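Q: Structure provided below as C-alpha cells; questions to follow.
The values are calculated or read from the model by the stated rules, or taken from the named source; none is laboratory data. Not measured: the values here are computed from a predicted model. Note that each Cβ is placed from the backbone with ideal geometry, even for glycine, and that neighbours are counted across all protein chains shown.
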Amino acid sequence: MINFKQIISDKISKVTQIDEKELETYIEIPKDAKNGDYSFPCFRLAKELKKAPPVIANEIKEVIEKEIEQIKEIEKVEVIGGYLNFFINKEILVEEVLKEVSKTQEYGKSEVGKGKNIVIDYSAPNIAKPFHIGHLRTTLIGNSLYRTYKYLGYNTTGINHLGDYGTQFGKMIEAYKMWKDEYNLEEDPINKMMDMYVRINSLCKEDEQVLERCRENFRLLESGDKYCVDLWNRFKDLSMVEFNKIYDILNVKFDSYNGEAFYADKTDEVIKTLEEKEKLTESEGARIVDLEDVGINTPCLIQKANGSSIYATRDLAAIMYRAKTYDFDKCLYVVAYEQNLHFKQIFEVAKYLVDEKYAKGLEHVSYGMVSLPTGKMSTRLGNVVKIEDLINGTIEKAQEIIAEKNPNLENKDEVAKKVGIGAIVFNTLSTVTTKDQIFDWNTALNFQGETGPYIQYTYVRTRSVLEKAGYVPKSEDIKIENLTDEYSLEILKLMYNFEDVLIQVTDKNEPSILSRYLIDLAKAYSSFYNENKIIVEDKEIQDARIYLTYAVGNVLKQGAQLLGIEMPEKM
Ligand code: ARG
C-alpha cells in the first residue's frame, strides 16, 4: 500500500536534513479529523534548530507546500501551533484499502520481519504445581506476541521454559517412596502432587533425616539414577497432561518445551566462562557475580555452597544455548514483574557470556498481577485460582447469557466456548502489560462493553449483513465516491492503519495496542451501521456498503485471531 507517512517524512527530511526513518517515528495520528490525517509535531526539532516550534512548522510548510501541490497523495498541509497537519487524498486511501482487501484473506500480513529471528519464552508453569491465574497472562501475552511476530514475517520460536528442576523434586521422590499407596496420582494428579509436597515439606522441617534422604534423592536424580529419573518423568508427564488441556482449549502452541532440566548439564559452561573472565567471587562459600558497579546492589548467585546450580544459572545456560541455536535478534521473556530483579541480574551477567548482539536482544516483557474482585466468584474458586476453573466458570456464564439472548442458536456449546474464551483472552490482553488487572467476569462478558464478546458480536453482525444480502460484490465494481462519507472513512482509515498497529505491537511487545484497535474498529462499524442503511434502493451504494462490511469482518477476524480469539459465525 502507499505509505503516506513515508511520503510526509521524505518531504520533511529534505528540508531538515534529518533522517526520514527517524522523522517517520515522530508522525502522529490526530484524534480529531479536523486536524488532518497525520500531524508532525515540531517540538522535538526545536532544541536542535534553536527556534520555536511554530516558526519551524511555518518554515517547513513554506518549502514543502509547492511540492505537495505536485503530488496527488496529499491534498494540503496546514500549521496549527507547533504542528504541521497533513490532509491526505481520501480517494487514494479508499482505493488502496479496497485493493488490499481484495488481494488477500490475510489482511495486514507482511514480510517486515523477514530474516529476523525472535525467541519468545512464555507460560513456563512449574511441574507438580497448579497452573494458576498468575500464569494466565504470560500464556496469553506470549501467545499473542508469537502470532503477531509470525504474521509480520519474523522467524519466531516459542519456548515453554518449564519449571521442571530443583531440589523440590528430591522431596517429591521421597514423598512418593513413603506414601505412594495413599495417593492415587492418576485421579487428580496436580492436586495430589501438591498435597504430597506440602506434607513432605513439613516433615522435612521436623526430621533432619528425611531431609537428608531428599537431598540424596536429588543427587541421584542429577546423576541419572534410573528409579529417580523415571519417577521425575512420571511427575512431569502427569503435569503435562493437565497443562496441555489448558493449552488445547486456549489454542496455545510452543516449538520447544526445553525447561530448566534441559539446562542442568549446561551450567558448567556458564561457570567456566565466568571463571575465565574472573567475574566470580566467593561469598560465604557460594559463588556470585558482583553487580555493584552496574548499579545493581544484589549480586547474582551462580553456585550454591554445596556446588549446585540455581534458577539463574540455568537461565544463563539457556541464553548461551538460545544464542547458539536460534541466533536470535530478540529473545523475549514474558514473566511477571516479581522477577524484575532476576532478569536485570541475568541480563547483566549475560554480557560476559554471549556476544554483544545477543546481550542487546534480551528483553523482559514484565507484566502485572491479576486479581479477582472479592465476591461470589472468587470465594467459589478459592484463593489460588486455577486457570481451568476460571475457564470453565466463564464458559458456563457465557452459556447462560447465550441461552437467554438467543435460545434457538445452533451449536450453542461451541459458541459459548468461543465467547467465554474470547472474554478471558480479551480481558487479559486489554490492560497495558505492565499494569495490574482485575478479572471480573461480568465486565469481561458484557456484550456492550469494551470486551472480546463485543468484538465477536460486531463480527457476527457483519456476517449476518452479508447473509441477508446474499452476495459479496467484487472490489473492482465499488465506486470509491460511495465510501467517502464520514462513517465509512473512519473505518477505512482504521483499516489502513492495521499493519502499522501490528508493527507497534511488536516494537513495544504490547498486545493491548491491538485490542484497543479492534475496539475502535468495532465501534466505528457500529456507528456506520447505525447511521447507514446497508440494503438500499441504489445498487451502487448498497454494493459499496456491503463490501465495506465484508472488509471490516475480515480485519476483525484476523486481528482477533492474532490475540488468540476465535470468531463464532453466529451468536
Ligand atoms: N517457571 C517460572 C515461574 O513460574 C517462570 C519461568 C520464566 N522463564 C524463564 N526463562 N525464567 O515463575
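Q: Within region 125-150, track down each residue that is more than 10 Å from the chain's Cα centre (by Cα), closer than 22 Å to VAL432 by Cβ and small (Gly, Ala, Ser).
A: The answer is GLY134, and nothing else.
Q: Among the residues of region 23-33, write down those that are part of a helix (DSSP H, G or I) and touching a strand residue (DSSP E or B) at 6+ places or on another chain (Cβ under 8 Å).
A: Residues of region 23-33 part of a helix (DSSP H, G or I): 23-26, 33.
The answer is LEU23, TYR26.
Q: Checking the conditions here, which among VAL119, VAL63, VAL79 is farther than 30 Å from LEU152 by Cα and at pLDDT 95 or above?
A: Testing whether each residue is farther than 30 Å from LEU152 by Cα and at pLDDT 95 or above leaves just VAL79.
Q: Restricting attention to region 299-314, report how many residues are within 30 Å of the chain's Cα centre (by Cα) and either part of a strand (DSSP E or B) or free of Cβ contacts under 8 Å to residues at least 60 places away in the same chain (or both).
A: Within region 299-314, the subset within 30 Å of the chain's Cα centre (by Cα) is 300, 310-314.
So of that shortlist, the ones also either part of a strand (DSSP E or B) or free of Cβ contacts under 8 Å to residues at least 60 places away in the same chain (or both) come out as 300, 310, 312-313.
Final tally of qualifying residues: 4.
Q: Just one of the numbered conditions (1) more than 21 Å from the chain's Cα centre (by Cα); (2) within 16 Å of the ligand (Cβ to nearest atom) is not true of ILE159; which one?
A: Against the list (1) more than 21 Å from the chain's Cα centre (by Cα); (2) within 16 Å of the ligand (Cβ to nearest atom), ILE159 comes up short only on (1).
Okay, residues lined up against (1) modelled with pLDDT of 95 or more; (2) closer than 14 Å to LYS129 by Cα; (3) surrounded by 13 or more Cβ atoms within 10 Å (Cβ to Cβ):
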| residue | (1), (2), (3) |
| --- | --- |
| LEU185 | no, yes, yes |
| LYS192 | no, yes, yes |
| MET196 | no, yes, yes |
| SER202 | no, no, no |
| GLN209 | yes, no, no |
| GLU216 | no, no, yes |
| LEU221 | no, no, yes |
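Q: Looking at VAL270, VAL241, VAL229, VAL252, which one is in a loop (DSSP other than H, G, I, E, B) and out of contact with any Asp or Glu (no Cβ under 6 Å at 6 or more places or on another chain)?
A: VAL252
Q: How many of the residues in region 297-315 are within 14 Å of the ligand (Cβ to nearest atom) and touching a strand residue (DSSP E or B) at 6+ places or on another chain (Cβ under 9 Å)?
A: The qualifying residues number 7.
Q: Could you run through region 509-545 and say how many residues are touching a Phe, Trp or Tyr at 6+ places or on another chain (Cβ under 7 Å) and either free of Cβ contacts under 8 Å to residues at least 12 places away in the same chain or of a type outside the set (S, T, N, Q) (or both)?
A: Final tally of qualifying residues: 3.
Q: Further question on the same structure: Inspect region 316-329 for any residue being more than 25 Å from ILE141 (Cβ to Cβ), more than 14 Å from the ligand (Cβ to nearest atom) and not in a helix (DSSP H, G or I) and give the result as yes or no.
A: No, every residue in region 316-329 fails to be more than 25 Å from ILE141 (Cβ to Cβ), more than 14 Å from the ligand (Cβ to nearest atom) and not in a helix (DSSP H, G or I).
Q: Let me ask something else about it. Counting residues that are free of Cβ contacts under 8 Å to residues at least 60 places away in the same chain and of a type in the set (A, V, I, L, M), which helices (runs of 4 or more DSSP H) fully inside region 34-126 reach at least 3?
A: Fully inside region 34-126 and qualifying: 43-49, 53-70.
Q: Continuing with the same structure: For region 23-52, which residues satisfy the criterion of being closer than 15 Å to GLU78 by Cα and of a type in the set (Gly, Ala, Ser)?
A: In the first step, residues of region 23-52 are kept if they are closer than 15 Å to GLU78 by Cα; the result is 27-30, 32-42.
Once the filter is applied, which keeps residues that are closer than 15 Å to GLU78 by Cα and of a type in the set (Gly, Ala, Ser), region 23-52 yields ALA33, GLY36, SER39.
Q: Suppose we filter GLY153, GLY113 for residues that are of a type outside the set (Ser, Thr, Tyr), surrounded by 18 or more Cβ atoms within 10 Å (Cβ to Cβ) and more than 15 Å from the ligand (Cβ to nearest atom); which single one remains?
A: Going through GLY153, GLY113 in turn, the sole match is GLY113.
Q: What tally of residues in region 147-179 results from selecting those that are without any contact (Cβ under 8 Å) to a residue 40 or more places away in the chain and among the aromatic types (Phe, Trp, Tyr)?
A: 1
Q: When the residues of region 330-343 are narrowed to those that are crowded, with 17+ Cβ neighbours inside 10 Å and either among the aliphatic types (A, V, I, L, M) or under 15 Å from LEU280 (Cβ atoms) (or both), which ends up farthest from the ligand (Cβ to nearest atom)?
A: Per the stated criteria, the residue is LEU332.
Q: Looking for something farther than 28 Å from GLY368 by Cα, within 32 Å of the chain's Cα centre (by Cα) and in a helix (DSSP H, G or I) - is there at least one such residue anywhere in region 181-192?
A: yes
Q: Among (1) over 17 Å from LEU140 (Cβ atoms); (2) aromatic (Phe, Trp, Tyr); (3) assigned to a helix (DSSP H, G or I); (4) out of contact with any strand residue (DSSP E or B) (no Cβ under 9 Å at 6 or more places or on another chain), there is one condition PHE447 misses while meeting the rest; what is its number?
A: Looking at each condition in turn, PHE447 falls short on (3).
Q: So the check is Cβ under 6 Å with 6+ separation or different chains; which pairs have a first residue in region 344-371 that's at pLDDT below 95 and a second one that's part of a loop (DSSP other than H, G, I, E, B) and not polar (S, T, N, Q)?
A: GLY368/LYS435; GLY368/ASP436; MET369/ASP436; VAL370/ILE133; VAL370/PHE439
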